[in-house]
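Undergrad: Have a look at the structure that comes next, please.
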Amino acid sequence: MNENKPSLLLVDGMALLFRAYFATAMSGQFMINSKGIPTNGVYGFVKHFLTAVSSFNPTHVAVCWDMGSKTFRTEMFDAYKANRPEAPIELVPQFDLVKEVVEAFDVPNIGLEGYEADDCIGTIARKASQEAEVLILTGDQDILQLLDDNISVILLQKGYGNYLVHTTETFYEEKGITPKQMIDLKAFMGDTSDNYPGVKGIGEKTALKLLQQFEHIEGVLKNLEQLTKGQRTKIEQDLEMLHLSRQLAEIKCDVPVECPLDLAQFTMNREKVMEKFTEIEFRGLHRFLDFKKEYA
């Protein structure tokens, strides 16, 4: 990373919150405070957040959020993410609470109705990468399509402080395709967690081979006669879904949100954060506030 260049850490808020919530909820550790509000997800979010800030030492930070389940993708395809259950009742009050905590750090909360957090992250990352090194913290591999010369992705691994950091080079080494080709990869193979099928019968291995050989969907469609009969039949039968799946898979990078760097400068006020921790009845998190770098 260029020491003289600003670095912006974009956090996928829901990815951290859900991961933290389910890590403790499985054993019933909801950490209910004296006001009767469960806080386990927010507590874990803060640990993930502060561990990442300490590990990567960004000069700027922003957190992006989903703003409800209805988006332009659900309008395009009713079944999009329809396989996901409702949020657990103990998590619901933590959605607002976690944003209050982020505000206490003087970090912007960003989200826009009709779009997913990924779209906000993509839009901000593309713009900010012209003047800063961008690091995206998430548990969601979909975001790897955004990798670029100045955009890296930090994938959360099990536990706290364990990361798999991807660059365009590491992605190519692993998959043999470019990050942008990942959109077409998902169009072919679909996504079970987002609940769209892609082309039935085409898995990752076949899809990767097709993209390595023909570059993109258009290249494959122009060369159908070179495919096996089985592959050709599957693609021809699911042509409409192939194109729809590509639209669902692509992260929009032109969403009407912005995050000017000067508004995202990370200048934590320790006293303000500790007041919020006391109000919510968080104990033991103060030790995560002692960074190598001193903040105001």
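Undergrad: So how long is each side of region 223-296 along the principal axes, counting just the alpha-carbon atoms, biggest first, in Å?
TA: Projected onto the principal axes, the Cα atoms of region 223-296 cover 67, 30, 25 Å.
Undergrad: With every protein chain present, what is the per residue accessible area of the chain (1.4 Å probe, Å²)? Each step should come with its number before you reach the end.
TA: Details: 14660 Å² over 296 residues.
Roughly 50 Å² per residue, with all protein chains present.
Undergrad: Exactly which GluC sites (Glu not before Pro) in region 71-111 are in a DSSP loop and have at most 16 other Cβ atoms within 10 Å? Could you put the intermediate results ahead of the total?
TA: Working: sites: E75, E86, E90, E100, E103; in loops: E86, E90.
Taking region 71-111 and a limit of 16 other Cβ atoms within 10 Å, the loop GluC sites (Glu not before Pro) found are E86.
Undergrad: Follow-up question, since we're still on this one. E169 accessible area, nearest 10 Å², 1.4 Å probe?
TA: Taking all protein chains as shown, E169 has close to 110 Å².
Undergrad: Next up: What is the antiparallel percent of DSSP beta bridges lying wholly in the chain, to the nearest 5?
TA: Approximately 30 percent, going by the DSSP bridge assignments.
Undergrad: So how tilted is helix 239-249 from the main axis of the chain? Cα-based, degrees 0 to 90, rounded to 10.
TA: Around 20 degrees separate the two axes.
Undergrad: Same structure again: Search the structure for amide H atoms under 5 Å from the amide H of D66, placed 1.01 Å from N in the peptide plane, and list their residues when 5 or more places away or on another chain.
TA: Residues meeting the amide H criterion: M14, A117.
Undergrad: Can I ask one more? Quickly work out the Y160-to-E258 label distance, labels modelled 7 Å from Cα along the C-beta direction, and quote it in nm with one decimal.
TA: The modelled label-to-label distance comes out at 3.7 nm.
Undergrad: Can you sort C64, C259 by 1.4 Å-probe accessible area, starting with the largest? Write out the running numbers ahead of the final one.
TA: Working: C64 0, C259 20 Å².
Output order, biggest surface exposure first: C259, C64.
Undergrad: Along the Cα→Cβ direction, 7 angstrom out, place labels at T170 and N83. What is the inter-label distance in nm?
TA: It is 2.8 nm.
Undergrad: Per the Debye formula with a single identical scatterer at each Cα and no solvent contribution, what log10 I(q)/I(0) holds for the chain at q = 0.10, 0.15, 0.16 Å⁻¹?
TA: The computed values of log10 I(q)/I(0) come out as -0.59, -1.19, -1.31.
Undergrad: How would K70, K35 line up by accessible area, probe 1.4 Å, largest first? Numbers along the way, then the final one.
TA: On the way: K70 160, K35 125 Å².
The ranking, largest first, comes out as K70, K35.
Undergrad: Expressed in nm to one decimal, what extension gain is obtained for the pair E240 and I32 from 0.36 nm per residue of sequence separation less their Cα-Cα distance? Display every interim value, and only then the final one.
TA: Values: separation 208, 0.36 × 208 = 74.88 nm, distance 4.84 nm.
Stretched out fully, the E240 to I32 stretch lengthens by 70.0 nm.
Undergrad: I've got another one for you. Compute the acute angle (0 to 90°) between the alpha-carbon long axis of helix 117-128 and the principal axis of greatest extent of the alpha-carbon atoms of the chain; round to the nearest 10°.
TA: 90
The values are calculated or read from the model by the stated rules, or taken from the named source; none is laboratory data. None of these values were measured; they are calculated from a predicted model. Quick reminder, even Gly has a Cβ in these numbers, built from the backbone with ideal geometry, and neighbours come from all protein chains shown. Side chains are part of the model used for accessible areas, which takes the heavy atoms of the whole protein and leaves out ligands, DNA and RNA. Shrake-Rupley method; radii C 1.70, N 1.55, O 1.52, S 1.80 Å.
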